[in-house]
Amino acid sequence: MTKDEGTPGSTVRPPGSRNVLLERPEAAPEPNSKVNLGAFDLILLLLPMILWPLSFILLRAYFIYSLAASVSLLAIGSIVLWRPDIRWSRGNFPLWPLGIGLLGAILLYLLFVGGNVATTAVGLGGDVQNVYGEIYGNQSGIVLVALLAVIGVGEETYWRGGLQAVVEKWSPAFRKVPWVVSTAYYTGVHLSTLNPVLVGAAFVVGLVTSLVADRAGVGASILTHVIWIEAIVVFFPV
C-alpha cells in the first residue's frame with residue numbers, strides 16, 4: 001500500500017490505481033455514430049454501378065423516366081440511412097448557400113457553353129446531340145421540367161449529400177476532401193455510356209456541385225444542379 005504525499009490526512013490507495021479525480025473523462029461517443037459500414041450502406045454505395053448502365057443502356061428508350069426513378073431511389077436510401085450526417089447547409093451567413101448555389105449554376109452554364117464550342121470544333125458535336133436526344137426523348141413542357149428537377153434534387157441528395165457524408169465519416173484518407181471521391185465515382189459510373197462527351201460533362205458537373213456542397217451544403221448544390229439543368233436543357237439550350 002502507498003500513501004499520497006502532499007497534504008495531511010491524504011488517503012491510502014493501492015499501488016498502480018488511478019486517481020479518477022485528476023484524469024480527463026473519456027469522450028462520449030457521437031450520437032448516431034457507427035463502428036463500420038453495414039450491409040445496407042454497402043448496397044446503397046454500390047447501387048449506382050447497376051442503375052446507371054440500366055438507365056443509359058438497357059432502358060435508353062425510357063431514359064429520363066429511368067434516371068428519375070433511379071436517383072429517387074438513391075435519394076430515399078440516403079435519407080433513410082445517412083440523414084443525420086448529411087450537411088444540408090454550411091456557413092454562418094444565412095444567404096451564403098443561396099449565393100454559392102446561384103454562382104455555381106452560372107459557372108456550370110458558362111462551362112457548358114464553352115464545352116459545346118470546343119466539342120463542335122473537334123468534331124464531337126454528334127455526341128452532344130446524342131446526349132440531348134436521350135434527355136428530351138418524347139417529353140416537353142412541364143413534364144420535362146418536373147423530371148429534370150427530380151433528377152437534380154435526387155442526384156445531389158445522394159452524390160453530394162449521402163456519399164460525401166459517408167466519406168467524411170468513414171474515410172480517414174479523404175475525410176477533409178470528400179468531393180474528390182464523389183467526383184471520381186460520379187464520373188466513373190458514366191463510363192458505361194461509352195460517350196466521351198457525357199463522361200467529360202459528368203466530371204465537370206460532379207466537380208462543381210461537389211465543391212459547392214463541400215463549401216455551402218447540399219441545399220446549395222441542389223440549387224446549382226436544378227437551375228443549371230433546367231437552363232441548359234429547357235430554357236437556354238446550347
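What follows draws every value from the coordinates through simple rules; no lab data is involved. Worth saying up front: this structure is predicted, and the values here are computed from it rather than measured. A quick note on method: Cβ atoms are made from the backbone with ideal geometry, for glycine too, and the neighbour counts reach across all protein chains shown.
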inquiry  = Give me the net charge for the shell around ARG90: Cβ to Cβ below 10 angstrom, other residues only, Lys and Arg +1, Asp and Glu -1.
reply    = +1
request  = Report the charge-dipole magnitude of the range 39-235 in Debye, nearest 20, computed about the Cα centre from +1 at each Lys and Arg Cβ and -1 at each Asp and Glu Cβ.
outcome  = 400 debye
note = Lys and Arg at +1, Asp and Glu at -1: neighbours of THR224 with Cβ under 13 Å from its Cβ sum to -2
query = Remind me, relative contact order of the range 134-237 in percent, using alpha carbon pairs under 8 angstrom and six or more residues apart?
reply = 31 percent
task = Quote the relative contact order of the range 39-235 in percent (integer), defining contacts as alpha-carbon pairs under 8 Å separated by 6+ residues.
result = 34 percent
inquiry  = In Å, what Kirkwood hydrodynamic radius results for the range 39-235 from the alpha-carbon pair distances?
reply    = 16.9 Å
ask   = Hey, can you rank 58-67, 212-221 by average C-beta count inside 10 Å, highest first?
value = 212-221, 58-67
task = Please give the contour-minus-distance gain from LEU95 to VAL143: 0.36 nm per residue of separation, less the Cα-Cα distance, rounded to one decimal in nm.
result = 14.2 nm
query = Of ILE79, PRO196, ILE151, which is farthest on the positive side of the dipole of the range 39-235, counting Cα position, with +1 on Lys and Arg Cβ, -1 on Asp and Glu Cβ, and the Cα centre as origin?
reply = ILE79
